[in-house]
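This report refers to the structure that appears directly beneath it.
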There are 4 protein chains.
Amino acid sequence: MGKIFTAGVIGAGRMGKIHIKNILLNIPELKLKLVADIKLDDQLKEWASDMGVPRLTQDANEIFNDPEINIVIIASSTNTHIDFIQEAAQAKKDVFCEKPIGTNINRIKETLEIVKRENIKLMIGFNRRFDRNFKKIREIVASGQIGTPQIIKVTARDPALPPIEYIKGSGGMFIDMTIHDWDMACFQAGSSVKEVYACGAVLVDPEIGKAGDIDTAALIVKLKNGALAMIDNSRQAVYGYDQRVEVFGSKGCAIADNEPTNTVRLYTAEKTKEDNIPYFFLQRYMDSYAEELRSFLDCVQNNKEPSPSGEEALQNVLVAIAAQKSFEENRPVKISEIDL
Amino acid sequence: MGKIFTAGVIGAGRMGKIHIKNILLNIPELKLKLVADIKLDDQLKEWASDMGVPRLTQDANEIFNDPEINIVIIASSTNTHIDFIQEAAQAKKDVFCEKPIGTNINRIKETLEIVKRENIKLMIGFNRRFDRNFKKIREIVASGQIGTPQIIKVTARDPALPPIEYIKGSGGMFIDMTIHDWDMACFQAGSSVKEVYACGAVLVDPEIGKAGDIDTAALIVKLKNGALAMIDNSRQAVYGYDQRVEVFGSKGCAIADNEPTNTVRLYTAEKTKEDNIPYFFLQRYMDSYAEELRSFLDCVQNNKEPSPSGEEALQNVLVAIAAQKSFEENRPVKISEIDL
Amino acid sequence: MGKIFTAGVIGAGRMGKIHIKNILLNIPELKLKLVADIKLDDQLKEWASDMGVPRLTQDANEIFNDPEINIVIIASSTNTHIDFIQEAAQAKKDVFCEKPIGTNINRIKETLEIVKRENIKLMIGFNRRFDRNFKKIREIVASGQIGTPQIIKVTARDPALPPIEYIKGSGGMFIDMTIHDWDMACFQAGSSVKEVYACGAVLVDPEIGKAGDIDTAALIVKLKNGALAMIDNSRQAVYGYDQRVEVFGSKGCAIADNEPTNTVRLYTAEKTKEDNIPYFFLQRYMDSYAEELRSFLDCVQNNKEPSPSGEEALQNVLVAIAAQKSFEENRPVKISEIDL
Amino acid sequence: MGKIFTAGVIGAGRMGKIHIKNILLNIPELKLKLVADIKLDDQLKEWASDMGVPRLTQDANEIFNDPEINIVIIASSTNTHIDFIQEAAQAKKDVFCEKPIGTNINRIKETLEIVKRENIKLMIGFNRRFDRNFKKIREIVASGQIGTPQIIKVTARDPALPPIEYIKGSGGMFIDMTIHDWDMACFQAGSSVKEVYACGAVLVDPEIGKAGDIDTAALIVKLKNGALAMIDNSRQAVYGYDQRVEVFGSKGCAIADNEPTNTVRLYTAEKTKEDNIPYFFLQRYMDSYAEELRSFLDCVQNNKEPSPSGEEALQNVLVAIAAQKSFEENRPVKISEIDL
């Protein structure tokens, strides 16, 4: 009853598989028709068969050319995002694309023009906005219960170092990791970034320093609405995947703590103990990936503007460039310096 | 590789649907072949088709007669459990059956004889043992971290009254609701019930009293290993589905609190606030239903003894009868008075 | 400005010292004039001198005969309470007396008659009612925020065994320890006890059993207003002094957890840890002793009826006798069986 | 037995009264002989008499000239600190002085020279280090349990705006309020400040802006040992006096939350609620004032070096000057720029 929505997914790596699984199991209103991946090996074939993926291809064009497919989900490597969004837009298909949208500001802007011209929906995958805890904080802030946001604090620490090869190809800690956090700060405050001061250090592993990157970061981000955001990151929190948000305002404060692994407390003669918070990001954020796809589908079905939008994704990339510059020059950098 | 396990499900009501969904989505090693339900209406047909149930029937015998089916899951009405277990056992199929196994002690014993004779596996669905929090407490207790259990406390309160018609057919609060709680106490202590003292009262709704039942209960259960268990129940906890367990022992204490709806705390000039705990039992226990099926499959695959076993289920029913007698006569009642 | 209140304290043991210290340091409106203790040794003299106690005596009569003293605080051994209350009452002095008021029902009743006839104030020291947490729960209950109380849970566990000599002279676990807990249940519910079912066991130390006492207790107490109270006690909770109260009602539930030693949580690769709750009862209840004296002084100053009153203290002793009988006969015992 | 320590207190305002009360009630080993205050009015005389202060004077010289007094406690107005420390030192008396030690760097250095030359003990009152929670974190850090500190977070928010007159005379938010927080960061990390970047804003009350000050602050402080500290302040947290510390390191993380007003949680159909955290700084920090005096006395008695030392206090003032400069010029400022 009503229009049928049919999806093609480009990229069946870790993120692609998450989206495929969510479509098949958790979003019955969205039909999966085709999955494209340039590395179409036996392992992927077997996985797809087990999951009930209808068809696989190596050629993303099959997705763009299939008139039945009206939704394209892009989860391929970052350097392909821009091209695939443009092709999907030109094929008049709505697009959900993993973050980041890209790294070249001019090409992102060009892409947003095409998206606008072709009048398609574009949403970028900043999934943490859809985490039940952070979404709840946003609801509290948006309802006015804490008044005007004044200080926003985001803590995001990974449980363990990624392989050094990953670091080398990541584009640096700010665009790879911190980008989620100013997105969160802007989302919570309902504003965008005016200026950023970014500190970084190599405190975890000297190999990361040799690779030209940092493993620890602390930032102060001034938002356009006057609020001050503070972000701290580490590549290695040995006790688990530490993800917290706090919004302090004129009428109160809302704080989201980590999700517990279980609610059991053990009292012995030595200490009171609990299990650690989860280590794996999927334990924490799995539900948020389904939620973001549901939100996207809702926008497509009901002609709403998706958020995080392409414009927000562009802003996030601009902040990443400013943060990197701030770190290198050890001074606060305005977004207007970057976005000429 | 290895034997294929194929299931037939009898009963596609609320519990049956949960098991069907879990087999299809969460337990890939178990193949669903057939679902039997005496009420095979269009609604069920549509649901089954959407879910991908291969075939439906009105006749449970089709399940017993299908040589390919080696696992039978019984989720039909309580009064059919005994017959279906016996038939499945005689057809040499392993059985997972919803609680309670039955209400007639002699027929339960007869059934356990058949189960033993036919050498099949039988597990009864006391799913709360598989809740991540309560399972964690059991692991702590079993590992000796809190020493010898001395006091066990179980709180189980429903968020809202069921329809009065449900109450009338429930067999009474003890066998309908509290049965989960002494099962939990025994599970945690690794023991069984010796004597029970049960208090009850009608404090929520006089209609429940008119229907011959109670809505509030407090019990002291003496276990064979000397531990004292305390259970409290209410049919109506307006703040949510309140499910907590505490085990106190010679070397410590382990306490499982309710699961939070989210981790957000809101601080305002008036109060510090959180969202209520979940109201719906499926929010709390959904994962435990998949866990119990996985545990059952593991027992079948690896020739382990399932737990909760048929014998444990029988004990639980004996305690229910003793509790009812205790309440009616206002005195502690030994299980040996009931189980002659 | 206004009448001056001058106190004499009988008994300078552990409890007496607490009251003396509170009068001197925390209750400036109450003047301490005289302390009587039959064991007037050098150690006590030195302590009194350091604290600034104006005068010491061995003879309690000096207190009764001093016309300036209008408040008598009795903290001598239990078997002297009744006599001292009667003497103080006959001397027209208001009395604060440590719990229990006594053990002989007839003598307690006789004493309450004298108290009434002489028209003095009498308050008995069930200090836990003045703990900030339990007092807060009572305020919540009294304000109607949780509706009608239905289930009341009191957990009281000592951190370590007292000397076996103490046990022998204690009168038994129920009157020595549990008496605080049904007092708490009655206080919270605003009702009194109708019937009690008491279980006990020797699970901690067989020596306690040899001394004719128990070390673990579980009780269900039916209150006159229909609420069910559940109490559990242990003589040894190795993780600290465990004192919790929960009141569940028709509109909600109020729960007081233990006080933390500090608010620090330590997250490491192994576990999340906290310091244990305090081990020593004075860490938990010190403030409550000052609060109860302030409450008593307020009653005296403003002609209010003190609570816990002598009548409440009598009820508490009746419950202790009923609990002991219930435990010995393994059956619920009504207070009306005891209070003929 | 042993040397007697006798104190004179200069200044009997809010802080002076706290110290006097602590000496009289909580630190029996320290004898109070004389209190000097230039405003010796009837109100102070009455208060001193009630408290048992032996003698009052308007002339601080009486303290310096009294050979029996060997400890001077300075709690007079900030602009007198330097002079009084110097006079006390020259009189060979050990000194505890309220923070800040002063505002003129040269005069502070000159004073520290005199302190060194006269070989007296000097401790400055950064009392929060003696808060049971923050002290516990320091113990954890110092014991190596969280490894090398990498990120330190300090949140300090006042519950309500001070009078605008107070703001005008405060020297600005950084030296008045934030000075506690980098002291805390340095204390926790066992290091000192290398560089500071300070942001400030007027988000609470425009009157504060008109007075040339800010009411909201966010800082990143780079410590010499490489750790990054983040501090946030507000003059108005409507939900209470918000004081939290977090130290994240290579092996774990220690977090001190606010102290609760009580441990009661209220569950109703609408929400789960708690009482707010305390509003008043004395509710939170009262114990810490006695602890710091005890620590000082211990240093004097046992010839230990007091901490927070005069040198640490000097560093704290240098950071305040750097923070103010950083805020005014919107750039990170090194301490070496200030301390030429």
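The values are calculated or read from the model by the stated rules, or taken from the named source; none is laboratory data. Computed from a predicted structure; not experimentally measured. Heads up, the Cβs are rebuilt from the backbone with ideal geometry, glycines too, and the neighbour counts pull from every protein chain shown. Please note that ligands, DNA and RNA were not included when accessible areas were found on the heavy atoms of the full protein model with its side chains. Shrake-Rupley method; radii C 1.70, N 1.55, O 1.52, S 1.80 Å.
Scanning segment C:148-168 for residues that are touching a Ser or Thr at 6+ places or on another chain (Cβ under 6 Å) and surrounded by fewer than 20 Cβ atoms within 10 Å (Cβ to Cβ) gives a single hit, C:Thr148.
Within segment A:298-314, the set of residues being polar (S, T, N, Q) and open to solvent by 70 Å² or more (accessible area, probe 1.4 Å) comprises A:Gln301, A:Asn302, A:Asn303. It is to be established whether one or more residues within segment A:39-56 are farther than 25 Å from B:Leu24 by Cβ and open to solvent by less than 50 Å² (accessible area, probe 1.4 Å). Yes, segment A:39-56 contains a residue that is farther than 25 Å from B:Leu24 by Cβ and open to solvent by less than 50 Å² (accessible area, probe 1.4 Å). The helices (runs of 4 or more DSSP H) found entirely in segment D:1-75 that carry 3 or more residues being basic (Lys, Arg) and closer than 22 Å to D:Met123 by Cα are D:14-26. When each of A:Ile101, A:Ile82 is tested for being open to solvent by less than 10 Å² (accessible area, probe 1.4 Å) and touching a helix residue (DSSP H, G or I) at 6+ places or on another chain (Cβ under 6 Å), the lone residue that passes is A:Ile101.
In the list B:Leu318, B:Leu340, B:Leu314, which residue meets the criterion of being among the hydrophobic types (A, V, I, L, M, F, W, C), within 30 Å of B:Ile20 (Cβ to Cβ) and more than 14 Å from chain C (Cβ to nearest Cβ)?
Details: B:Leu318 fails: within 30 Å of B:Ile20 (Cβ to Cβ); B:Leu340 fails: within 30 Å of B:Ile20 (Cβ to Cβ).
Being among the hydrophobic types (A, V, I, L, M, F, W, C), within 30 Å of B:Ile20 (Cβ to Cβ) and more than 14 Å from chain C (Cβ to nearest Cβ) holds for just one of B:Leu318, B:Leu340, B:Leu314, which is B:Leu314.
Tell me yes or no: at least one residue of segment B:270-278 is under 30 Å from A:Asp287 (Cβ atoms), of a type in the set (A, V, I, L, M) and open to solvent by less than 60 Å² (accessible area, probe 1.4 Å). Within segment B:270-278, one or more residues are under 30 Å from A:Asp287 (Cβ atoms), of a type in the set (A, V, I, L, M) and open to solvent by less than 60 Å² (accessible area, probe 1.4 Å). Taking each residue of segment B:167-182 that is over 20 Å from B:Glu207 (Cβ atoms) and looking for partners that are modelled with pLDDT of 95 or more and open to solvent by 10 Å² or more (accessible area, probe 1.4 Å) with beta-carbon atoms closer than 6 Å, six or more apart or interchain, yields B:His180/B:Arg128. The set of residues from segment C:246-279 being part of a strand (DSSP E or B), among the β-branched types (Val, Ile, Thr) and within 9 Å of chain D (Cβ to nearest Cβ) comprises C:Ile255, C:Val264, C:Thr268.
Remark: pairs (first residue in segment D:316-339, aliphatic (A, V, I, L, M); second residue assigned to a loop (DSSP other than H, G, I, E, B); Cβ separation under 6 Å; 6+ apart in sequence or on different chains) = D:Val317/D:Pro100; D:Leu318/D:Asp339.
Of B:Asp287, B:Asp242, all but one fail to be modelled with pLDDT of 95 or more and within 30 Å of A:Asn133 (Cβ to Cβ); the exception is B:Asp242.
Do you know which of the residues in segment C:315-334 that are open to solvent by 10 Å² or more (accessible area, probe 1.4 Å) and part of a helix (DSSP H, G or I) is farthest from B:Arg331 (Cα to Cα)? So the residue we want is C:Gln315.
Only a single criterion out of (1) under 30 Å from A:Thr148 (Cβ atoms); (2) in contact with an Asp or Glu (Cβ under 8 Å, 6 or more places away or on another chain); (3) crowded, with 22+ Cβ neighbours inside 10 Å is not satisfied by D:Leu122, namely (1). Residues in segment A:169-185 that are hydrophobic (A, V, I, L, M, F, W, C) and open to solvent by less than 20 Å² (accessible area, probe 1.4 Å): A:Met173, A:Phe174, A:Met177, A:Ile179, A:Trp182, A:Met184, A:Ala185.
Kindly check whether there is at least one residue in segment C:86-108 that is within 14 Å of chain D (Cβ to nearest Cβ), assigned to a helix (DSSP H, G or I) and touching a residue at least 24 places away in the same chain (Cβ under 8 Å). No, that holds for no residue. Restricting attention to segment A:125-139, the residues that are open to solvent by 10 Å² or more (accessible area, probe 1.4 Å) and under 18 Å from A:Ser250 (Cα atoms) total 2.
Of all the residues in segment B:245-262, those that are open to solvent by 20 Å² or more (accessible area, probe 1.4 Å) and farther than 17 Å from D:Thr268 by Cα number 3.
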